[in-house]
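Below is one structure, written out as C-alpha cells; comments come after it.
Where a number appears in this text, it was derived from the coordinates with a stated rule and is not lab data. Owing to the predicted nature of the structure, the values given are computational and were not obtained by experimental measurement. Cβ coordinates were reconstructed from backbone atoms using ideal geometry, including for glycine residues, and neighbour counts include every protein chain displayed.
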Amino acid sequence: MAKVTITQIKSIIDRPKNQKLTIQALGLGKISKSVTVELTPQIAGMVNKVHNLVEVKEI
C-alpha cells in the first residue's frame, strides 16, 4: 500500500457531526496538523468524506 500525508487545511467549525468525527478518527483536529498513514480502502473512504477539509499528498 502507498503511504500518504493527510493535512487538515480548513476548520471543522460549522461542519456536520459525521465530518467532525471523521477528522478525529484520522488523527487530525487542528489546522495544519498532518498525519502519515497507509492508503487503505478505509482511509480512502474517510478522506473522500472530508475531501474539502484536507489535503492529501502521496509519499
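Matching residues to (1) hydrophobic (A, V, I, L, M, F, W, C); (2) surrounded by 13 or more Cβ atoms within 10 Å (Cβ to Cβ):
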site: Met1; (1), (2): yes, no
site: Ile6; (1), (2): yes, yes
site: Arg15; (1), (2): no, yes
site: Thr22; (1), (2): no, yes
site: Val35; (1), (2): yes, yes
site: Pro41; (1), (2): no, no
site: Leu53; (1), (2): yes, yes
site: Ile59; (1), (2): yes, no
Across segment 11-58, the tally of residues that are within 17 Å of Met1 (Cα to Cα), free of Cβ contacts under 8 Å to residues at least 24 places away in the same chain and polar (S, T, N, Q) stands at 1
